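Trainee: Below is a structure I'd like to ask you about.
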């Protein structure tokens with residue numbers, strides 16, 4: 001399965017290394033350095049996951065997330081920042097349905113970051129996928145029987 005990830009990160013070194021690490025895992029990655037460009041990219045295409053910094057030039061991360069959620073309430077969003085000290089900001093992200101938070105501060109581990117992102121991209125095994133599909137088909141069959 002080929003996944004498509006949008007990284008929204010203004011720090012050159014962080015963005016470059018995260019992009020390279022995900023591409024090594026065979027993930028298709030686009031890297032944007034400011035909020036306005038991220039919104040434009042997202043409006044033009046579909047992504048499986050967005051890695052979103054909070055402090056960005058132009059539109060800030062929380063505003064980007066609001067716009068993203070208006071278009072696609074189901075896309076996986078991972079907040080990747082070292083600037084989440086305000087209670088109001090954290091509450092806003094929780095209310096907007098952030099799927100994960102990763103601290104990129106001084107002790108951040110790139111390999112753990114990539115591992116967390118990869119887990120969010122493939123939350124179910126193939127067996128679990130088939131189990132869910134069977135469940136959906138059975139529910140649809142039961143619904144059709146009731147309508148008859």
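What follows draws every value from the coordinates through simple rules; no lab data is involved. Everything quoted here is computed from the prediction, not taken from an experiment. Methodologically, a virtual Cβ is constructed for each residue, glycine included, from the backbone with ideal geometry; neighbour enumeration extends over all protein chains shown.
Trainee: Label points 7 Å out from Cα along the Cβ direction at residue 122 and residue 91: separation in nm?
Mentor: Using points 7 Å along Cα→Cβ, the separation is 3.9 nm.
Trainee: State, to one decimal in nm, how far the label point of residue 71 lies from the label point of residue 131, with both points 7 Å from Cα in the Cβ direction.
Mentor: Label at residue 71, label at residue 131, 3.4 nm between them.
Trainee: Tell me, what is the percent relative contact order of region 4-147, built from C-alpha pairs under 8 Å that lie six or more residues apart?
Mentor: Working: 175 pairs, mean separation 28.9, N = 144.
Dividing the mean separation by the residue count of region 4-147 yields 20 percent.
Trainee: Return 132, 65 ranked ascending by Cβ neighbour count within 10 Å, so the fewest neighbours appear first.
Mentor: Least to most surrounded, the residues fall as 132, 65.
Trainee: Where does region 4-147 land on Rg(C-alpha)/(2.2 N^0.38 Å)?
Mentor: Relative to the 2.2 N^0.38 Å estimate, region 4-147 comes out at 1.19.
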